[in-house]
Amino acid sequence: MFTDKTAEKIVFRLEENGFLAYFVGGCVRDSLMGRTIHDIDIASSALPQDTINIFGAENVIPTGIKHGTVTVMADRAYYEVTTFRRDGEYLDHRRPESVEFVSDIADDLSRRDFTMNAIAMGSDGTLIDPFGGCTDIKSGTIRCVGDPEKRFSEDALRILRAVRFASQLGFEIEEQTACAMSKMKTALNSISGERIREELDKLLCGEYCVQAMLKYRDIMGQIIPELRECFDFSQHSHYHKYDVYEHIVRAVNAAPQDNVILRRTMLLHDIGKPKMFRLDENGEGHFKGHAQVGAEMAEQIMERLHYDKKTISLTCTLIERHSDKIGSEKHIRRLASKIGSDAFFLLMEVKKADNLAKNEFVLAENAEFDGYAHRLRELIAEDSCMSLRQLAINGSDLTALGFEGRQVGETLSALLGLVIDGKLPNERHALLARAAQEVEE
């Protein structure tokens, strides 16, 4: 049974008014598995107008009324209630052109993607499971409801959703379903970047992402074609024990599971390696410049998937800098000044995740990265100058000395560099004296 009493009240209210109502989809699956439930969906024999009449127009949003869905607002939460339906043709590979409202919950369940998501639960906990979803949950199997090719032709995103569920749940994809996914993977090209992005981010944060991304790499290569060059690409490096793609996958897994920024960064951090590969005279592989190239490729990929500009900028900064060497406090201050302290701390996590997917001897560096992060926190606590905002003078001071236009910003940046390098104290009189010296020269 559900612990969400508000959702139960909605079901009871529908039943009190003479309609059938069930919890359906992922909330039932997660309940049966003992997982945290995030979204609760309700299916009912009530037509949308019936639901509006029962709960009041002021408490119901007609979110998808054409397809039988309304959203009930109750106790400051939102619950989708959808009329039992049978779908018409899917011409856009996303939504049916028409729907037919039906009276049987089994008909409604037959249109769903996977058997584990095609289970209904009544208010008394009774399960309706016409396609063996409970058995598949127990065996850890992802299986399409009915003909897999039909399900995927209706909505090709289901191909990627299957991999996402494998990543999150650790389930195996049933053979016929997996074959249909591989056969029909090019249909993913018709899916919008936004929908791909949402599934990809969830997939990357799955507990079993390594198994899913390695086993179904053809699907990963379909949504990000640039990854294909990384498949089976030997690095010929004593630092590495995996090819480029497997290194990428294991680096994703090494990043904190709850940090999608880091996991996404690790997915793309070495994507430029195949383009920059060189063998030296000793047969050792080198990838000079791959970080810069990878950042440029990542920007194109993320724009294609419609990530926002701020997310793209941060991710590309982390990729571009992930191979930077840090050997002194001066380097810490310079880098933190250039990319910001928040990005610096993320970069140290990127470096650690990168190492965790290499040969064991490089792991000693991870303690150094933790040390760099610790030292930066100390510098911040000391209010050490690492930004123009902290500089003891500003643009007005330079204007008073006779600086104009671009000279003001350039001079402030130069003075900040001297302060960061320890060549000049962050003191007003010293900074003004140095600026005045520039005017005289």
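The values are calculated or read from the model by the stated rules, or taken from the named source; none is laboratory data. All values reported here derive from a predicted model rather than from experimental measurement. Don't worry about glycine lacking a Cβ; one is built from the backbone with ideal geometry, like all the others, and counts go over all protein chains shown. Calculation scope for accessible area: heavy atoms of the full protein, side chains included, ligands and nucleic acids excluded. Shrake-Rupley method; radii C 1.70, N 1.55, O 1.52, S 1.80 Å.
Things worth noting here:
- The set of residues in the stretch 233-267 being part of a helix (DSSP H, G or I) and in contact with a Cys (Cβ under 8 Å, 6 or more places away or on another chain) consists of 244, 245, 248, 249, 252, 253, 260, 263.
- Condition broken by residue 315, with the remaining ones in (1) open to solvent by less than 60 Å² (accessible area, probe 1.4 Å); (2) farther than 20 Å from residue 344 by Cβ; (3) part of a helix (DSSP H, G or I) satisfied: (2)
- Scanning the stretch 41-63 for residues that are within 33 Å of the chain's Cα centre (by Cα) and either over 16 Å from residue 112 (Cβ atoms) or open to solvent by 20 Å² or more (accessible area, probe 1.4 Å) (or both) gives 41, 59, 60, 61, 62, 63.
- Those residues of the stretch 318-341 which are under 20 Å from residue 299 (Cβ atoms), out of contact with any His (no Cβ under 7 Å at 6 or more places or on another chain) and assigned to a helix (DSSP H, G or I), in sequence order: 318, 320, 321, 338, 339
- Any hit, the stretch 200-223, residues being at pLDDT 95 or above, touching a Cys at 6+ places or on another chain (Cβ under 7 Å) and among the polar types (S, T, N, Q): no
- Residues in the stretch 27-36 that are surrounded by fewer than 17 Cβ atoms within 10 Å (Cβ to Cβ) and in contact (Cβ under 8 Å) with a residue 12 or more places away in the chain: 1 in all.
- Residues located in the stretch 274-285, provided they are in contact (Cβ under 8 Å) with a residue 24 or more places away in the chain and closer than 10 Å to residue 236 by Cβ: 277, 279, 283, 284, 285
- Every condition in (1) surrounded by fewer than 19 Cβ atoms within 10 Å (Cβ to Cβ); (2) touching a Lys or Arg at 6+ places or on another chain (Cβ under 8 Å); (3) in contact (Cβ under 8 Å) with a residue 60 or more places away in the chain holds for residue 255 except the one numbered (1).
- Residues (open to solvent by 30 Å² or more (accessible area, probe 1.4 Å), in a helix (DSSP H, G or I) and farther than 18 Å from residue 249 by Cβ) located in the stretch 186-203: 186, 189, 190, 194, 195, 197, 198
- Some residue of the stretch 80-87 being open to solvent by 30 Å² or more (accessible area, probe 1.4 Å) and of a type outside the set (D, E, K, R): no
- Count of the stretch 294-303 residues, restricted to those that are open to solvent by less than 40 Å² (accessible area, probe 1.4 Å) and either of a type in the set (Ser, Thr, Tyr) or more than 15 Å from residue 266 (Cα to Cα) (or both), is 0.
- Exclusive hit being open to solvent by less than 50 Å² (accessible area, probe 1.4 Å) and at positive phi, set 206, 170: 170
- For first residues located in the stretch 127-142 and closer than 19 Å to residue 166 by Cβ and in contact (Cβ under 8 Å) with a residue 24 or more places away in the chain, partners that are surrounded by fewer than 16 Cβ atoms within 10 Å (Cβ to Cβ) and aliphatic (A, V, I, L, M) and lie 6+ apart or on another chain with Cβ distances below 8 Å form the pairs 134/127; 137/33.
- Residue list for the stretch 117-151, restricted to those being touching a Ser or Thr at 6+ places or on another chain (Cβ under 8 Å) and of a type in the set (A, V, I, L, M): 118, 121, 142, 145
- Of all residue pairs spaced 6 or more apart or on separate chains, those with beta-carbon atoms under 7 Å, a first member in the stretch 317-337 that is under 18 Å from residue 354 (Cβ atoms) and a second member that is polar (S, T, N, Q) are 318/265; 319/265; 320/292.
- The stretch 362-387, residues that are under 30 Å from the mean Cα position of the chain (by Cα) and open to solvent by 60 Å² or more (accessible area, probe 1.4 Å): 363, 364, 365, 367, 368, 370, 374, 377, 380
- Any chance residue 271 is modelled with pLDDT of 95 or more, of a type outside the set (S, T, N, Q) and under 18 Å from residue 167 (Cα atoms): no
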